[in-house]
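First the structure, in the form of structure tokens, and then the observations on it.
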Amino acid sequence: MTDRTVIVTGAASAAGLGFATARMIAAEGARVYLTDLDGGEVEKRAAELREAGHVATGLTQDVTEEAGWTALVERVLADTGRIDGLVNNAGIAVLRMTAELTHESWDKQIAVNMTSVYLGCRAALPTMQAQGAGSIVNLSSVAGLVGIPACTAYAASKGGVRLYSKALAMEVAASNIRVNSVHPGVIWTDMQKVALADNPDGYDAINASIPMKRMGEPDDIANMVAFLLSDRAKYVTGGEFVVDGGLTAQ
Ligand SMILES: NC(=O)c1ccc[n+]([C@@H]2O[C@H](COP(=O)([O-])OP(=O)(O)OC[C@H]3O[C@@H](n4cnc5c(N)ncnc54)[C@H](O)[C@@H]3O)[C@@H](O)[C@H]2O)c1
């Protein structure tokens with residue numbers, strides 16, 4: 001990853017998948033732009049990486065805002081002149097049965113998890129096309145592959161990310177730009193802590209339901225994203241990469 005410029009969205013949480021990815025690729029030599037709605041926290045994460053001797057910048061961004069994407073790309077190009085990788089990781093989980101799901105929360109779920117991916121890809125592609133290379137990794141979920149109750153809006157957003165990624169991969173493959181989706185199972189991050197807040201027995205029940213009998217760690221996902229960003233994946237595009245301890249193989 002030496003001298004590669006990579007943007008990772010949703011990277012403010014110290015225990016999250018975005019920061020785990022940013023930390024891993026920064027250690028491999030990438031210049032990393034960490035962005036998040038929470039600008040104070042994301043700058044702290046970037047500072048931690050700089051203190052470890054890496055090249056990292058933290059920036060405030062709402063991934064649903066088109067103008068913010070334009071500003072981000074301008075900033076990254078002014079600094080480094082390149083965008084080699086984009087990791088669309090920012091996300092929220094609206095976990096409600098359809099009967100209890102408001103139109104407003106449906107729209108928010110789709111905007112943050114799916115429309116943001118389109119906006120990010122559209123913003124980064126002209127630079128990647130001019131370079132004749134680039135790798136985009138979009139965070140989907142096992143909920144984008146199989147039906148999970150109380151998960152309809154989240155599933156729709158993540159299923160959309162899965163097929164958006166494949167269709168875009170077809171549009172840009174001849175330009176040597178690769179687009180893949182990653183499908184985490186249950187990974188112990190703030191997102192899961194919030195989801196389980198009202199269900200203290202859920203932790204053990206989830207672990208029991210996973211063939212490997214444990215939730216995943218953020219680095220399990222970061223390893224897959226780092227591989228897809230790297231030249232070791234130079235012939236890999238349009239793929240969907242499940243990292244779930246066997247959950248969806250049952
Ligand atoms: N943790 C899991 O088990 C799991 C499983 C499957 C998929 N995923 C997906 O992986 C990604 C990362 O998940 P995580 O568990 O690290 O989540 P997390 O909640 O720990 O982190 C998500 C980050 O996204 C940021 N964010 C939310 N809305 C934003 C917006 N509009 N603009 C910019 N940033 C915004 C949040 O501030 C937060 O820092 C998400 O897309 C999630 O859906 C996670």
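Below, the figures for the structure above:
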item: Residues satisfying the stated conditions in the range 21-67, i.e. more than 15 Å from the ligand (Cβ to nearest atom), surrounded by fewer than 17 Cβ atoms within 10 Å (Cβ to Cβ) and touching a residue at least 24 places away in the same chain (Cβ under 8 Å); result: Ala27, Glu28, Gly29, Ala52
item: Test for Gly245: is it touching an Asp or Glu at 6+ places or on another chain (Cβ under 9 Å), assigned to a loop (DSSP other than H, G, I, E, B) and not basic (Lys, Arg); result: yes
item: Members of the range 87-126 found to be closer than 16 Å to Leu37 by Cβ and among the polar types (S, T, N, Q), listed by number; result: Asn88, Asn89, Gln109, Asn113, Thr115, Ser116
item: Whichever residue in the range 95-147 is assigned to a loop (DSSP other than H, G, I, E, B) and under 16 Å from Lys166 (Cα atoms) and, among such residues, is farthest from the ligand (Cβ to nearest atom); result: Leu145
item: In the range 52-75, the residues that are in a loop (DSSP other than H, G, I, E, B), of a type in the set (A, V, I, L, M, F, W, C) and farther than 16 Å from Ala123 by Cβ; result: Ala52
item: Residue tally, condition of a type in the set (Asp, Glu) and assigned to a helix (DSSP H, G or I), over the range 188-240; result: 5
item: Top-ranked residue in the range 1-20 [being more than 15 Å from Glu41 (Cα to Cα) and crowded, with 24+ Cβ neighbours inside 10 Å; ranked as nearest to the ligand (Cβ to nearest atom)]; result: Ile7
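No lab work stands behind these numbers, since they all come straight from the coordinates. Since the model is a prediction, treat every value here as computed from it, not as a measurement. Note that each Cβ is placed from the backbone with ideal geometry, even for glycine, and that neighbours are counted across all protein chains shown.
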